[in-house]
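The values are calculated or read from the model by the stated rules, or taken from the named source; none is laboratory data. Because the structure is predicted, anything quoted here is derived from the model rather than measured. Here the Cβ positions follow ideal geometry from the backbone for every residue, glycine too, while neighbour counts run over all protein chains shown. SASA here: full protein model, heavy atoms, side chains in, ligands and nucleic acids out. Shrake-Rupley method; radii C 1.70, N 1.55, O 1.52, S 1.80 Å.
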Amino acid sequence: MSDAAMSDAPLPMTTTSLPSTPGTERHEVVVLGAGVSGIYQIKRLTDLGIDAIVLEADDDLGGTWYRNRYPGARFDSESYTYGYSFSRELLDEWHWNERFSAQPENLRYLNYVAEKFDLRRHMRFNARVEAMTWNEDERVWRLDLQNGDTCIARFVITSLGPLSMPTLPSYEGMDDFEGDAFHTYWWPKEPVPLAGRRVGVIGTGATGIQVISAIADQVGELTVFQRRPNWSTPLNNAPITEDEMAAIRRRYDEIFANCANSPGGFEHVPDRRGFWSLTAEERRAFWDELYDQPGFALLAANFMEIYFDEAANREISDYVADRIRQRVADPVVAEKLIPRDHGFGMQRLPLETNYFEAYNRDNVHLVDLSETPIERFTATGIQTTATHHDLDLVVYATGFDAITGGYDRIEIRGVDGQALADKWRDGPSTYFGVLVSGFPNMFMVAGPQSVSGSTNFPRAIETGVDWLTGLLEDAIDRGCTRVEARPDAEEEWVAKVVDAHERMLFRRSKGWFTGYNSNVNGHQEGKIRYQAYFGGAPRYTTMINHAAADGYAGIDLA
Ligand code: NAP
């Protein structure tokens with residue numbers, strides 16, 4: 001894109017294609033990312049006849065479900081609450097094979113949606129945006145792509161994915177290791193030989209727990225390098241028969257209404273009887289029931305007190321610790337698998353299938369890094385302070401630069417050249433997690449400080465896409481060329497985000513909810529980044545809908 005092109009006459013607000021030149025596409029709206037959010041976003045825009053394209057850095061669509069191909073990768077939301085709700089026809093056609101569907105089927109689903117609604121023709125792949133610069137005179141964004149192309153857009157919608165920036169540790173000698181090594185996010189498309197191999201997994205978050213459970217009986221030896229254990233409860237997956245799927249289809253309206261009315265965006269709803277109104281025995285009997293139920297039942301259908309009341313949280317933590325002790329044969333190993341530094345539900349809860357039983361196998365070994373830290377990698381494995389572990393394959397399940405990482409990797413410059421990375425250095429600051437003051441015409445789906453990070457992702461994604469598409473329509477109808485959050489509205493929203501976060505017991509725990517990632521500068525322990533809104537989906541939806549009904553209060557439409 002040349003400077004001359006930047007100084008072309010202002011773009012008309014039109015829903016027809018804007019003139020493009022070789023290497024420079026011009027569109028009214030550019031959507032960044034073809035994952036779950038980008039797919040729905042482009043559907044909404046093209047339905048409205050708005051000239052829009054999706055730029056996707058990868059070579060195909062699917063986002064999370066395109067990338068995370070590691071064994072065991074699957075939903076931990078009930079499949080039928082994860083799929084899109086916008087098309088009755090789609091709901092009637094698609095059969096989810098499992099209550100918690102696995103990655104290959106999830107990717108097939110997203111492709112099916114894209115084909116059905118002919119969305120691929122609006123997508124450009126291998127189109128990584130490296131820089132995004134606001135042009136105040138023209139009121140457009142200029143996007144510079146890695147391949148040298150440029151795109152000009154009146155509006156940019158970022159659907160970058162909250163968990164799209166994998167992070168690696170930085171142990172001495174990692175490059176010296178001569179076996180295979182990759183982050184779970186980059187698990188190869190080609191089958192990875194596992195039989196007979198000595199595999200090391202670093203990390204025991206939701207990803208590590210899935211991959212460890214899935215490969216324990218496939219590999220020769222499995223060594224798990226655990227820095228801190230996580231609480232984890234059974235997924236309780238099961239196949240879905242034709243009859244069950246028919247019943248689900250009949251119930252879809254009710255299912256989505258239930259999700260919309262629950263704080264977490266699931267069908268599980270908190271128990272309102274009151275933690276202390278039951279005896280300890282009654283609570284344990286209730287938890288026994290929840291433990292055997294699918295998905296997040298033990299977390300999301302539990303008493304609300306477990307999130308706010310330390311004594312209540314201690315009691316449920318003791319209950320889950322006992323469950324771990326019952327499932328792990330070696331009491332020493334069991335104790336190592338029980339978290340001591342945070343209570344149950346104080347970090348994002350991983351769900352598991354036979355995870356704890358994996359440690360009862362002779363070929364699975366737990367290395368507690370809090371006792372014997374990694375000193376360095378060698379050509380043949382990992383040296384801890386205790387011993388050398390010979391390995392053929394190292395799997396990094398070491399997490400993500402969550403929520404803001406996807407933004408940091410693009411050089412985003414708004415009004416007066418301000419860098420978004422600078423504005424967000426100590427943590428994000430947004431209006432409803434959708435707009436950022438100083439960055440006009442940029443709308444975020446599942447953005448920082450939206451409710452997405454704390455709920456069933458796709459449910460919040462649909463809410464967010466619908467809301468910002470309404471805002472966009474309104475702007476276009478009014479002939480507006482500039483849409484920006486007011487600084488005071490942003491400040492008020494950040495205060496609400498902080499307030500909701502500070503009420504929760506997890507406020508000081510280490511996990512991506514609080515922005516902790518030991519592998520990313522500035523994301524260390526004790527530096528809280530208020531990355532998600534924890535006030536619950538219904539409250540969030542009510543607030544954004546009120547703002548819309550109020551003529552998009554807090555937003556300057558020029
Ligand atoms: P994560 O929860 O951040 O876990 C990363 C793990 O790596 C932690 O155990 C961490 O230890 C460890 N680690 C990081 N750096 C390390 C280092 N330098 N040395 C040793 N260990 C290190 O990441 P994740 O497991 O990928 O999960 C991220 C999120 O993705 C989940 O919370 C969930 O929201 C999502 N997810 C969803 C699904 C699903 O829906 N089914 C599945 C997988 C993931 P510390 O705890 O000590 O930091």
- Query: Taking interchain pairs and intrachain pairs at least six residues apart, which have beta carbon atoms under 8 angstrom, with the first residue in region 501-513 and touching a residue at least 60 places away in the same chain (Cβ under 8 Å) and farther than 18 Å from Gly205 by Cα and the second polar (S, T, N, Q) and crowded, with 17+ Cβ neighbours inside 10 Å?
  - Reply: Leu505/Asn313
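Condition check ((1) surrounded by 17 or more Cβ atoms within 10 Å (Cβ to Cβ); (2) at pLDDT below 95; (3) part of a helix (DSSP H, G or I); (4) under 27 Å from the mean Cα position of the chain (by Cα)) across all residues:
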{"residue": "Glu357", "(1), (2), (3), (4)": "no, no, yes, no"}
{"residue": "His365", "(1), (2), (3), (4)": "no, no, no, no"}
{"residue": "Ser370", "(1), (2), (3), (4)": "no, no, no, no"}
{"residue": "Glu375", "(1), (2), (3), (4)": "no, no, no, no"}
{"residue": "Val394", "(1), (2), (3), (4)": "yes, no, no, yes"}
{"residue": "Thr398", "(1), (2), (3), (4)": "yes, no, no, yes"}
{"residue": "Ile403", "(1), (2), (3), (4)": "yes, no, no, yes"}
{"residue": "Tyr407", "(1), (2), (3), (4)": "yes, no, yes, yes"}
- Scanning region 77-102 for residues that are closer than 20 Å to Ile215 by Cβ and touching a Pro at 6+ places or on another chain (Cβ under 8 Å), the one nearest to the ligand (Cβ to nearest atom) turns out to be Phe100
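Yes/no per residue for (1) of a type in the set (Gly, Ala, Ser); (2) within 24 Å of Ala460 (Cβ to Cβ):
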{"residue": "Arg272", "(1), (2)": "no, yes"}
{"residue": "Phe286", "(1), (2)": "no, no"}
{"residue": "Ala297", "(1), (2)": "yes, yes"}
{"residue": "Asp322", "(1), (2)": "no, no"}
- Item | Residue, surrounded by the most Cβ atoms within 10 Å (Cβ to Cβ), within region 157-197, restricted to residues that are more than 24 Å from Val364 (Cβ to Cβ) and over 20 Å from the mean Cα position of the chain (by Cα) | Gly173
- Considering residues of region 62-80 that are part of a helix (DSSP H, G or I) and farther than 22 Å from Ala402 by Cβ only, the residue most open to solvent (accessible area, probe 1.4 Å): Tyr80
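Of a type in the set (Gly, Ala, Ser), touching a Pro at 6+ places or on another chain (Cβ under 7 Å) and at pLDDT 95 or above, is that true of Gly433? Quick ask: steps written out before the conclusion?
Values: of a type in the set (Gly, Ala, Ser): yes; touching a Pro at 6+ places or on another chain (Cβ under 7 Å): yes; at pLDDT 95 or above: yes.
So Gly433 passes the test.
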- Message: Show me the helices (runs of 4 or more DSSP H) entirely contained within region 304-349 in which 1 or more residues are acidic (Asp, Glu) and closer than 14 Å to Leu366 by Cβ.
- Response: 331-336
- Task: Tell me, please, whether a residue that is within 26 Å of Arg323 (Cα to Cα) and in contact with a strand residue (DSSP E or B) (Cβ under 7 Å, 6 or more places away or on another chain) can be found in region 258-265.
- Result: no
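Residues are listed down the side, and each one gets a yes or a no for (1) open to solvent by 20 Å² or more (accessible area, probe 1.4 Å); (2) out of contact with any His (no Cβ under 9 Å at 6 or more places or on another chain); (3) of a type in the set (A, V, I, L, M); (4) free of Cβ contacts under 8 Å to residues at least 12 places away in the same chain:
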| position | (1), (2), (3), (4) |
| --- | --- |
| Gly33 | no, yes, no, no |
| Gly38 | no, yes, no, no |
| Thr46 | yes, no, no, no |
| Asp60 | yes, yes, no, no |
- Provide a single number: the residues in region 436-456 that are modelled with pLDDT under 95 and either surrounded by fewer than 22 Cβ atoms within 10 Å (Cβ to Cβ) or not in a loop (DSSP other than H, G, I, E, B) (or both). 3
- Query: Among (1) of a type outside the set (D, E, K, R); (2) within 20 Å of the chain's Cα centre (by Cα); (3) part of a strand (DSSP E or B), which single condition is Thr223 missing?
  - Reply: (2)
